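The values are calculated or read from the model by the stated rules, or taken from the named source; none is laboratory data. Note that the coordinates shown come from a computational prediction; the quantities given were computed from them, not determined experimentally. Every residue, glycine among them, receives a Cβ derived from its backbone with ideal geometry; neighbour counts consider all protein chains shown. Protein only, heavy atoms only, side chains kept; ligands, DNA and RNA dropped before computing areas. Shrake-Rupley method; radii C 1.70, N 1.55, O 1.52, S 1.80 Å.
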Amino acid sequence: MNTPFQNRIAQGESDTLEFKTSFSDEVIVSLVAFANTKGGTVCVGVADQGEIKGVHVGKETVQNWVNEIKVKTEPSIIPDVEVVEDKGKQVVCLQVNEFPIKPLSFKGRYYKRIGNSNHQLTVSEVANLHLKTINSSWDYYWKNDKSIADLSFAKIEKCIETINRRNPLRSITSVSEFLNKERLAKEQQITNACYLLFRSEEVSDTCIQMGFFASETVIKDDVSTSNDLITQVEEVMNFIIKHINKEIIITEQAENIQRWQYPLEGLRELVINMIVHRDYTKANHATIKIFPDSIIFFNQGTLPNTITLEQLLSNDYVSSPRNMQISSIFKEMGLIERYGTGIKRVRELFLEYSLPEPEFKQLQDGFWVRATTRKVSEGLNEGGKVVDKVVDKVVDKVVDNLTENQQEILKLITNDKYVSAREISTKIGISSRKTQENIKKLKEKRVLERIGPAKGGYWKIIEPTK
């Protein structure tokens, strides 16, 4: 039976575990990277693949290592030390927790841990990491070249009106009260967030370029916005809505069903995320490209050092907004529901809409998202004749005739093979339980099949061969 130490070694190197065959500066770099991220352990005397090599530990060996680590790091790191013996070989485990005041450095250089490797921090990453440790961010700092005179009071009053309507207990009575309470201004000084949220002029530092493409190389419409961040949400959504399709589904009901290519709420969440979490210290523009079957969003600013892409997609992380003051105002206005739930909501909304989850990537020094759709007209037919024909063929095949509800389910699926059980329930007007019972019976009668998983798959009607 393996010991806890052997079990841990067997798991291999990770974002919290590093192997080194001997003590060197690389050991100290790893400890600094762990302390700047979420803590970790360096096992000295273990090869990369987990083979126990062992190290010679003399009377002063460990103390000398600790002293060297202390001298070469700033602020000084003093790791916890454990000497483990395995099959007659000694391994020294040096462990550090995440440091409360960051970043730490090794010989003046700063590192972070990503996966099972160390990466040197850029100047902007060093600055942002420090701001986060003092519960602040770049947008809280004063914008020295601008003042209250550069703001639009009409935009501020509109924001106040929205906040008061959502939360009557706030009862903000004046612009000056709002700016002071939110720490957006002091006398004539304004913060970076205040300028980005309420400025009166358009300036390129918030530019979002938007294009509608017929193909990868043919662009049919191209506009940009450099407005304040709150206004940009609606401007971007209006451009997207202008260039995506909406289908009209003919039914037997009094009103037709309208369905956009994408869930608008999910697209809006992506737009807000890219505006709120953008790195406004970088000069490059954000971009949105709309194609017939996809939309691509690209934004300056990678994930925080403490969050990996895998953690983001599994919702296994604590929210750490890049722009804390901007995020706070968006939340008070109801543009953000809760911190850290945006990506989770987007994925759920797309799956509920029977569309694939969007793709998320860290690309160069930014964040890339692609939302894809099926052709909006897929499964439609002229005047419902094909629908009726398919359903009639199935009904004739089944010995014990299908109920009216089961026939309606088949019509909906013939129109849209991606339709969800929830949508079926709503459109037919029966409970979710009844819907599931009818779907089960259709499967038992071998006229309906589910292709793929519950989320992301589609329905297939099994038509008779003759």
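Couple of notes before you dig in:
- Scanning the range 297-334 for residues that are in a helix (DSSP H, G or I) and of a type outside the set (Ser, Thr, Tyr) yields Leu309, Glu310, Gln311, Leu312, Leu313, Met324, Gln325, Ile326, Ile329, Phe330, Lys331, Glu332.
- Test: residue in the range 197-213 that is at pLDDT 95 or above, buried (at least 17 other Cβ atoms within 10 Å of the Cβ) and touching a Cys at 6+ places or on another chain (Cβ under 8 Å): yes
- Residue count for the range 209-226 under the criterion of being under 24 Å from the mean Cα position of the chain (by Cα) and part of a loop (DSSP other than H, G, I, E, B): the result is 1.
- Scanning the range 350-359 for residues that are buried (at least 19 other Cβ atoms within 10 Å of the Cβ) and within 13 Å of the chain's Cα centre (by Cα) yields a single hit, Pro358.
- Residue count, the range 335-344 (criterion: assigned to a helix (DSSP H, G or I) and open to solvent by 30 Å² or more (accessible area, probe 1.4 Å)): 1
- Among residues of the range 145-159 that are modelled with pLDDT under 95, none has a Cβ under 7 angstrom from a residue that is open to solvent by 70 Å² or more (accessible area, probe 1.4 Å) and of a type in the set (A, V, I, L, M, F, W, C) at a sequence gap of 6+ or on a separate chain.
- Taking the criterion of being open to solvent by 60 Å² or more (accessible area, probe 1.4 Å) and in a loop (DSSP other than H, G, I, E, B), the residues of the range 53-73 that qualify are Lys53, His56, Lys59, Glu60.
- Residue within the range 281-296 that is part of a helix (DSSP H, G or I) and over 11 Å from the mean Cα position of the chain (by Cα) present: no
- Complete set of residues in the range 272-320 that are surrounded by fewer than 18 Cβ atoms within 10 Å (Cβ to Cβ), among the aromatic types (Phe, Trp, Tyr) and at pLDDT 90 or above: Phe291
A quick yes/no check of all residues on (1) crowded, with 19+ Cβ neighbours inside 10 Å; (2) modelled with pLDDT under 95; (3) among the small types (Gly, Ala, Ser):
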position	(1), (2), (3)
Pro4	no, yes, no
Ile9	yes, yes, no
Ser30	yes, no, yes
Glu51	no, yes, no
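- Residue in the range 87-96 that is polar (S, T, N, Q), touching a helix residue (DSSP H, G or I) at 6+ places or on another chain (Cβ under 9 Å) and open to solvent by less than 70 Å² (accessible area, probe 1.4 Å) present: yes
- Residue match in the range 129-137 (condition: within 30 Å of Lys20 (Cα to Cα), crowded, with 19+ Cβ neighbours inside 10 Å and in contact with a Lys or Arg (Cβ under 9 Å, 6 or more places away or on another chain)): yes
- Residues located in the range 110-121, provided they are out of contact with any helix residue (DSSP H, G or I) (no Cβ under 6 Å at 6 or more places or on another chain) and either of a type in the set (A, V, I, L, M) or touching a residue at least 40 places away in the same chain (Cβ under 8 Å) (or both): Ile114, Gly115, Asn116, His119, Leu121
- If you go through the range 149-185 and keep only what is basic (Lys, Arg) and out of contact with any helix residue (DSSP H, G or I) (no Cβ under 9 Å at 6 or more places or on another chain), you end up with Arg165, Lys181.
- So Ser76, is it in contact (Cβ under 8 Å) with a residue 60 or more places away in the chain, over 21 Å from Gly12 (Cβ atoms) and in a loop (DSSP other than H, G, I, E, B): no
- Within the range 167-196, the residues that satisfy the criterion of being basic (Lys, Arg) and either surrounded by 12 or more Cβ atoms within 10 Å (Cβ to Cβ) or within 23 Å of Arg278 (Cα to Cα) (or both) are Arg170, Arg183, Lys186.
- Residue match in the range 248-255 (condition: touching a residue at least 60 places away in the same chain (Cβ under 8 Å) and either of a type in the set (D, E, K, R) or not in a loop (DSSP other than H, G, I, E, B) (or both)): yes
- Tallying residues that are assigned to a helix (DSSP H, G or I) and either aromatic (Phe, Trp, Tyr) or within 13 Å of Ile329 (Cβ to Cβ) (or both) within the range 152-192 yields 13.
- Output for the range 396-447, where each listed residue is assigned to a loop (DSSP other than H, G, I, E, B), open to solvent by 30 Å² or more (accessible area, probe 1.4 Å), within 15 Å of Ile462 (Cβ to Cβ) and touching a residue at least 24 places away in the same chain (Cβ under 8 Å): Lys417, Lys445
- Any hit, the range 194-208, residues being within 14 Å of Lys289 (Cα to Cα) and assigned to a strand (DSSP E or B): yes
- Every residue from the range 39-49 that is crowded, with 22+ Cβ neighbours inside 10 Å and more than 12 Å from Leu17 (Cα to Cα): Gly45
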